Amino acid sequence: NRRKKKDDSILEIPSIPNPFPELCCSPFASVLSASLLPKATSRKKQVIKVYSEDDTSRALEVPSDITARDVCQLLILKNHYIDDHSWTLFEQLTHTGLGRAIEDHELVMEVQSNWVMEEENKLCFRKNYAKYEFFKNPLSFFPDHMISFPSETNAAVSHSGILQMFLSSSTYPEIHGYLHAKEQGKKSWKKLYFLLRRSGLYFSTKGTSKEPRHLQFFCEFSNSDMYMSLTGKKISGAPTNYGFCFKPNKSGGTRDLKQLCADDEQSRTCWMTAIRLLKYGMQLYQNYMQPYQGRSGCSPLNITPMRSISENSLVAMDFSGHRSRIIENPSEALSVAVEEGLAWRRRGCLRLNSHGSPIAMSNMGMSIHRSQSWFHHKISREEAQRLILQHGLVDGVFLVRDSQSNPKTFVLSLSHGLKIKHFQIVPLEDDGKLFYTLDDGHTRFTDLIQLVEFYQLNKGVLPCKLKHYCARIAL
């Protein structure tokens, strides 16, 4: 009777519904469905090594489907850099002296799978200001003498219309001009007339003839990647320093490279930009407009960029009196800013002096610039040009370096009009004080920091303002 009463009391307890019915196996299924498993468990992780400009490196454990943009975003967050959408992952093939900027949407593991084990190839993290510059300033990338349009296009096409034609699937402007091509299996180079069409790259066997019977196929781009020559004439023996080539994805050596060489930087930039647009099309525009979207989900889509405050909302303030006030006169604001900068330099130099004795203003300008990111000590002219080229030939990319020809002077290396120009900074002594000038003493500065800050705001004797500096970052 007691057992019967106990069973009755158990039956009277109401049954509690299972809050996780999907975790219970039905009588018809003995195993858990694979669709109910977390998707994260199916993603494999691998370790990649990324280098910076100063040869420091960092190992990252990343998902196998991570994109180049997501790797850049990860390094930006880990190193607390400001994301201005110019950070880029580069592929550097040290054995062949080639390199390229990996597109933001490309999978990093697929890039590494094409590497040969014996070669010491690298992934490099640096800025590339010219990555999407052709969307902002197409005039510099597509000169009129290198581009022609289909016969059905009657009216003149603007440069913004050129980009729309590149991204269109129906029409495509034709790029044409002379290039030096290396003959297969030989060391000699031959100058030929090339044409870029939607079906691929062709060269004419008879002068500048565009007739189909005179055109011979040279290369297509779906199964190959385009690289820029980083060593110039040294390895390939090219006639100029403006070389680029096409490397098949599964190629094992230099014998399958299809090497080309342009006569100047503008021509090479036009060819390489048009081929990028031909290969990736609308994907490049999506990368440019939506830089945070990626496949692997590592990039935070809800991150707001730092320094998002509009410059129009910033005002000059004076806190020297009992009450603060807004400085409305621009000339007064400029003079206050200059005085504050000089006072900051005096305080900084006094802190750097280990003996505590005051330092003269003339001596202060000799060393204060060495801590700046844009200053590169004793590098050669060729090394300066290589650094600027890697950061992108955009107007305003610059660095300051020691002069090798005159130890007492400095050199400002600046990119403008797809060319790198060098300007000598000369020290002047007047009334016991040392100044620096770019225009034979007409405009004088107490140190190089003041000089750079001035030309960041004013063009002066330079062809353009200083906008982006080349820095050797450390990971």
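The values are calculated or read from the model by the stated rules, or taken from the named source; none is laboratory data. Here the structure is a predicted model, which is why all the values come from computation and not from measurement. Cβ atoms come from the backbone with ideal geometry, glycine included; neighbour counts cover every protein chain shown. What goes into the accessible areas is simple: the full protein's heavy atoms, side chains included, and nothing from ligands, DNA or RNA. Shrake-Rupley method; radii C 1.70, N 1.55, O 1.52, S 1.80 Å.
In this structure, does ARG69 turn out to be under 14 Å from the mean Cα position of the chain (by Cα), of a type outside the set (S, T, N, Q) and within 30 Å of GLN164 (Cβ to Cβ)?
Details: under 14 Å from the mean Cα position of the chain (by Cα): yes; of a type outside the set (S, T, N, Q): yes; within 30 Å of GLN164 (Cβ to Cβ): yes.
So ARG69 passes the test.
Among the residues of segment 128-139, at least one is of a type in the set (Gly, Ala, Ser), in a loop (DSSP other than H, G, I, E, B) and in contact with a Leu (Cβ under 9 Å, 6 or more places away or on another chain).
Yes/no matrix, rows are residues, columns are (1) in contact with a strand residue (DSSP E or B) (Cβ under 9 Å, 6 or more places away or on another chain); (2) modelled with pLDDT of 90 or more; (3) basic (Lys, Arg):
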{"position": "LEU257", "(1), (2), (3)": "yes, no, no"}
{"position": "ALA262", "(1), (2), (3)": "yes, yes, no"}
{"position": "GLN283", "(1), (2), (3)": "no, yes, no"}
{"position": "TYR288", "(1), (2), (3)": "no, yes, no"}
{"position": "GLY294", "(1), (2), (3)": "yes, no, no"}
{"position": "LEU301", "(1), (2), (3)": "no, no, no"}
{"position": "ILE309", "(1), (2), (3)": "no, no, no"}
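Looking for whichever is free of Cβ contacts under 8 Å to residues at least 60 places away in the same chain and within 30 Å of LEU89 (Cα to Cα) here; the options are LYS421, LYS408. Which one fits? It would help to see each step written out before you state the result.
Values: LYS408 fails: within 30 Å of LEU89 (Cα to Cα).
Step by step, each of LYS421, LYS408 is checked, and only LYS421 is free of Cβ contacts under 8 Å to residues at least 60 places away in the same chain and within 30 Å of LEU89 (Cα to Cα).
Being within 13 Å of the chain's Cα centre (by Cα), over 20 Å from CYS245 (Cβ atoms) and open to solvent by 30 Å² or more (accessible area, probe 1.4 Å) is the requirement here; does HIS80 meet it? Against the criterion (within 13 Å of the chain's Cα centre (by Cα), over 20 Å from CYS245 (Cβ atoms) and open to solvent by 30 Å² or more (accessible area, probe 1.4 Å)), HIS80 does not qualify. Condition check for LYS247 on (1) under 29 Å from GLU220 (Cβ atoms); (2) outside the structural domain of TYR172 (by the TED database); (3) modelled with pLDDT of 75 or more: one failure, at (2).
Among the listed residues THR67, THR94, THR88, identify the single one that is β-branched (Val, Ile, Thr), in contact (Cβ under 8 Å) with a residue 12 or more places away in the chain and open to solvent by 50 Å² or more (accessible area, probe 1.4 Å).
Working: THR67 fails: open to solvent by 50 Å² or more (accessible area, probe 1.4 Å); THR88 fails: open to solvent by 50 Å² or more (accessible area, probe 1.4 Å).
Within the list THR67, THR94, THR88, the selection yields THR94.
What about LEU451, is it within 28 Å of ARG126 (Cβ to Cβ) and surrounded by 13 or more Cβ atoms within 10 Å (Cβ to Cβ)? So LEU451 fits the description; yes. The conditions of being on the phi > 0 side of the Ramachandran plot, surrounded by 15 or more Cβ atoms within 10 Å (Cβ to Cβ) and at pLDDT 80 or above are not met by GLY207.
In the list THR231, THR208, THR240, which residue meets the criterion of being part of a loop (DSSP other than H, G, I, E, B) and under 24 Å from PHE166 (Cα atoms)?
On the way: THR231 fails: under 24 Å from PHE166 (Cα atoms); THR240 fails: under 24 Å from PHE166 (Cα atoms).
Within the list THR231, THR208, THR240, the selection yields THR208.
Restricting the search to strands (runs of 3 or more DSSP E) fully inside segment 393-475 and requiring at least 1 residues that are of a type in the set (Gly, Ala, Ser) gives 410-416. Condition (residue is touching a strand residue (DSSP E or B) at 6+ places or on another chain (Cβ under 8 Å), in a strand (DSSP E or B) and outside the structural domain of SER415 (by the TED database)) applied to segment 110-117: is it met by at least one residue? The answer is no, given that none of the residues of segment 110-117 is touching a strand residue (DSSP E or B) at 6+ places or on another chain (Cβ under 8 Å), in a strand (DSSP E or B) and outside the structural domain of SER415 (by the TED database).
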